[in-house]
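Enquirer: Provided herewith is a single structure, encoded as structure tokens, for subsequent inquiry.
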Amino acid sequence: MAKKKPFNVQDLYPEDYYFDSDAFYADPEGYKFTADDIAYFNAAELERYEAEVPMSPYEKRLLRKWVASGHNPADNPGSRYLCMSGSEPYDFLDVYRIDREIRHALKGKTPAEKEAYLKEYTGYVDPTPEEIERMAAVKSTPPYVQRRYEKLCRQIFQLWDFLSEKRLQNEAQEYLEDHKDDEYPVDFSFILD
């Protein structure tokens with residue numbers, strides 16, 4: 001039986017790779033990165049990442065498989081247990097470690113205990129009866145009213161954004177406080193039309 005060659009990060013670099021920097025700098029916005037460009041970048045990132053981040057040999061093997069499958073070490077693979085938004089900077093290793101921690105904590109628990117643990121872990125709070133009632137009211141609202149309401153909310157947001165940009169939000173807030181008991185200057189019956 002032949003002895004298996006040990007893995008080397010250099011094995012991930014494409015053979016005879018050359019980055020066409022002239023084409024890139026001629027049109028940076030329109031340049032299309034090739035599969036070799038991406039593989040080269042990912043391999044370089046893996047080398048840098050392995051030098052900076054301490055990890056176990058098993059984690060290193062998992063990370064290398066992740067990169068060999070065409071991903072970047074900083075890519076988020078998605079958690080098995082949590083919904084992670086794009087705004088959170090979790091990379092492959094972060095997600096693996098979080099999932100491992102949760103998996104060990106859930107071992108031997110009943111389904112109800114697992115649910116309670118995950119709710120506590122994520123900070124989930126059950127909705128209050130008022131919130132449930134409000135959500136039910138939103139669901140029962142006709143779609144055309146919802147669309148008009150959403151459009152109105154966007155317009156109000158854009159107006160507030162404009163006021164903030166012009167540094168007029170304090171004056172606007174004072175005006176609202178002074179006139180909070182006044183009748184609405186706008187007839188909102190158009191929503192029901």
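The values are calculated or read from the model by the stated rules, or taken from the named source; none is laboratory data. Not measured: the values here are computed from a predicted model. Neighbour counts are summed over all protein chains in view; Cβ atoms, including those assigned to glycine, are modelled from backbone coordinates with ideal geometry.
Enquirer: For region 152-171, does any single residue satisfy the condition of being among the charged types (D, E, K, R), modelled with pLDDT of 85 or more and within 25 Å of the chain's Cα centre (by Cα)? Before you say what the answer is, go through the steps one by one.
Expert: First, the residues of region 152-171 that are among the charged types (D, E, K, R): 154, 161, 165-167, 171.
Narrowing further to those that are modelled with pLDDT of 85 or more: 154.
Then keep just the ones that are within 25 Å of the chain's Cα centre (by Cα); that gives 154.
Yes - at least one qualifying residue is present in region 152-171.
Enquirer: Of everything in region 124-151, what is under 28 Å from the mean Cα position of the chain (by Cα), outside any helix (DSSP H, G or I) and of a type in the set (Ser, Thr, Tyr)? Give them in sequence order.
Expert: Scanning region 124-151 gives 124, 128.
Enquirer: State the number of residues belonging to region 42-66 that are in contact with a Phe, Trp or Tyr (Cβ under 8 Å, 6 or more places away or on another chain) and aromatic (Phe, Trp, Tyr).
Expert: Number satisfying all stated conditions: 1.
Enquirer: Check 99, 161, 94 and return the single one that is in contact with a Lys or Arg (Cβ under 7 Å, 6 or more places away or on another chain), not in a loop (DSSP other than H, G, I, E, B) and not assigned by TED's automatic domain parsing to the domain that holds residue 39.
Expert: That would be 99, the only listed residue that is in contact with a Lys or Arg (Cβ under 7 Å, 6 or more places away or on another chain), not in a loop (DSSP other than H, G, I, E, B) and not assigned by TED's automatic domain parsing to the domain that holds residue 39.
Enquirer: Now for a different question. Looking at 109, 114 in this structure, which one is out of contact with any Cys (no Cβ under 8 Å at 6 or more places or on another chain), assigned to a loop (DSSP other than H, G, I, E, B) and without any contact (Cβ under 8 Å) to a residue 60 or more places away in the chain?
Expert: Details: 114 fails: assigned to a loop (DSSP other than H, G, I, E, B).
Exactly one of 109, 114 is out of contact with any Cys (no Cβ under 8 Å at 6 or more places or on another chain), assigned to a loop (DSSP other than H, G, I, E, B) and without any contact (Cβ under 8 Å) to a residue 60 or more places away in the chain, namely 109.
Enquirer: If you don't mind, there's one more thing I want to ask. Just one of (1) outside the structural domain of residue 101 (by TED's automatic domain parsing); (2) outside any helix (DSSP H, G or I); (3) surrounded by 12 or more Cβ atoms within 10 Å (Cβ to Cβ); (4) among the hydroxyl-bearing types (Ser, Thr, Tyr) trips up residue 49, so point out which.
Expert: So residue 49 meets the others, but not (2).
Enquirer: I'd like to verify a number: residues in region 19-58 that are over 16 Å from residue 72 (Cβ atoms) and among the charged types (D, E, K, R), how many?
Expert: Result for region 19-58: 5.
Enquirer: In region 89-120, how many are surrounded by 11 or more Cβ atoms within 10 Å (Cβ to Cβ) and either within 19 Å of residue 63 (Cβ to Cβ) or touching a Phe, Trp or Tyr at 6+ places or on another chain (Cβ under 8 Å) (or both)?
Expert: Count: 18.
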